[in-house]
Amino acid sequence: MFEEKSLLIGNETVQKYMDIDGAIDIIAKTWEWFGDDKIIMPSKITTDMSSAGVAGWFNSMPCYISPLDIAGIKIVGGYDGNKKNNLPYIKANVVLTDPHTGLLKAVVSGDWISDYRTGAQPAIMIKHLAYKTDVVTIIGAGLQGYTSLACMSRLLDIKEVRIADLSSEAKKNFISKFSDAKFKMVDAPDNKTACEGSDVIITVTNADADLVRADWVKPGAMVITMGSFHEVEPEVVRQADIIAVDHIGQSLHRGNLKPMAESGEITAESFDVEIGKLLAHKTEYTPDKDKRIYAQIVGMGCPDVAIAETVRRKVLEEGKDSFEFNMQG
């Protein structure tokens, strides 16, 4: 039977069967399913290979998604040797299995999926939490900053975007990609200038530093951190009226909040909003022009698995654009 065959689905095929708007829609639905307890997903596990002499790491992100009746795992990591091979630092793959038999359904390239899952997350969170989105600041002019703005431009009413980065060339390249945008693009000379008066501030970097200071954040503004380490000074979190996350468990041991959680200053009870619960209508929230919002997004594997499974089903409907093989043979 065709269904017994396993599929290999490449990155170009993923992009043929999935666009940005489709990815945003699936991610929002997956967050809602998670908030409605229809997804089983433990916290991600990181394997750091550096102690064995391998310059790289990878995260294992398993889940079961009940509405799609699919089990899967996203495997994504950073590999220092990729640059010399003209490969991106971050590489991702998604493995899909039958939850009832364990049979392999597909191995799907996760690069495009991971990039746009990352970008869609702040767009969705801002749409539901921010009071105003006229002026948006993005600190970090890399690929994830680009995909974040690409997704935000589809969901939000934006008038001005300020880009801050240590590299002037990176900022110029970033701005050039949005030459036809309806909003104004601004090359910010420094983080302070970029942040002051901004409605939404996003940090998406590899830094481990105070990129945003509390006195740069106006009342009613929303600050989102998406990096693996600390990106804003603790006072930004302390002065926030609302603390929101994508996943409470992961937020206690990853990203910007990790040091505060380790000291006991932040606990599971500190969070006002877990975005899935809000989308599932299990949490009430009303944007307020005077309340500062701090949000941390550390990334969940279930949206990637949901997108990969949606692509797999579309490929099966077409009956082409993939390589089939029999794992049982």
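Just so you know, all these numbers are worked out from the coordinates, no wet-lab data involved. This structure is a prediction, so every number in the text was calculated from the model and none was measured. Here Cβ is always computed from backbone atoms with ideal geometry, including for glycine, and neighbour counts include all displayed protein chains.
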Q: Which order do the peptides 26-37, 208-219 take when ranked by the mean count of other beta-carbon atoms within 10 Å per residue, highest first?
A: 26-37, 208-219
Q.
Given the -39500 (n - 2.57) contribution per DSSP H run of 4+ residues, what per-residue ellipticity at 222 nm results for the chain, rounded to the nearest 500 deg cm²/dmol?
A. -9000 deg cm²/dmol
Q) Hey, how many Å between the Cα centroid of segment 27-84 and the Cα centroid of segment 90-156? A) 13
Q: For a quick protection proxy, order the peptides 177-183, 94-100 by their average other-Cβ count within 10 Å, most packed first.
A: 94-100, 177-183
Q: Please give the contour-minus-distance gain from K192 to S66: 0.36 nm per residue of separation, less the Cα-Cα distance, rounded to one decimal in nm.
A: 40.9 nm
Q. Hey, rough spin-label estimate for Q15 and A209, points 7 angstrom out along Cα→Cβ, what's it come to in nanometres?
A. 3.2
**Q.** For the chain, Cys with no neighbouring Cys Cβ under 4.7 Å
**A.** C151, C195
Q: Starting from the Cα of L143, move 7 Å in the Cα-to-Cβ direction to define the label point; list residues of segment 14-54 whose amide nitrogen is under 15 Å from there.
A: 14-15
Q. At what distance in angstrom do the alpha carbon centres of segment 285-299 and segment 174-247 lie from each other?
A. 12
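Mind ordering 46-56, 130-140, 229-239 by average Cβ neighbours within 10 Å, highest first?
Per-residue Cβ counts within 10 Å, averaged per peptide and sorted highest first, yield 130-140, 229-239, 46-56.
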Q: List, in order, the whole-Hz ³J(HN,Hα) value for each residue of segment 224-236 obtained from phi through the Karplus relation with A = 6.51, B = -1.76, C = 1.60 and θ = phi - 60°; use x for Gly and Pro.
A: 10, 9, 10, x, 7, 10, 7, 10, 10, 5, x, 5, 4
Q) So for the chain: antiparallel DSSP bridges make up what percent, rounded to the nearest 5? A) 50
**Q.** Magnitude of the charge dipole, the chain, Cβ model with Lys/Arg +1 and Asp/Glu -1, debye to 20
**A.** 500
Q: Tell me the label-point distance for the pair K29, H100, using the 7 Å Cα-to-Cβ offset, in nm and rounded to one decimal.
A: 2.1
(Q) Between helix 143-155 and the chain, what is the angle of the helix's C-alpha long axis to the longest principal axis, kept within 0 to 90° and rounded to the nearest 10? (A) 80
Q. Of the cross-linked pairs K184/K277; K127/K289; K16/K177, which ones have a Cα-Cα span greater than 26 Å in the structure shown?
A. K184/K277
Q: Compare the Cα positions of F229, A280, L257 along the charge dipole of segment 224-282 (+1 at Cβ of Lys, Arg; -1 at Cβ of Asp, Glu; about the Cα centre) and return the one farthest towards the positive end.
A: A280
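Based on the Cβ-Cβ distance of L8 and L316, what FRET efficiency does E = 1/(1 + (r/R0)^6) give at R0 = 22 Å, to the nearest 0.05? Don't skip to the end; give the middle numbers.
Values: r = 13 Å, r/R0 = 0.60.
Plugging the Cβ-Cβ distance into 1/(1 + (r/R0)^6) gives 0.95.
Is segment 133-202 best put as rounded, prolate or oblate by its Cα gyration tensor, with a ≥ b ≥ c the root eigenvalues, rounded for a/c under 1.5, and otherwise prolate when a/b is larger than b/c, oblate when not? Kindly include the intermediate steps, with their values, before the conclusion.
Numbers: a/c = 1.58, a/b = 1.11, b/c = 1.42.
Note, shape of segment 133-202 comes out oblate.
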Q. If you compute Cα extents along the principal axes in Å for the structure shown, which of [x] 63, 44, 42; [y] 103, 40, 29; [z] 70, 44, 43 do you land on?
A. [x]
Q: Give, in nm to one decimal, the length gained when the segment between I40 and D80 is fully stretched (0.36 nm per residue of separation minus the Cα-Cα distance).
A: 11.2 nm
Q. Once amide H atoms are placed 1.01 Å from N in the peptide plane, what residues at a sequence separation of 5 or more from I70, or on another chain, have their amide H within under 5 Å of its amide H?
A. I65
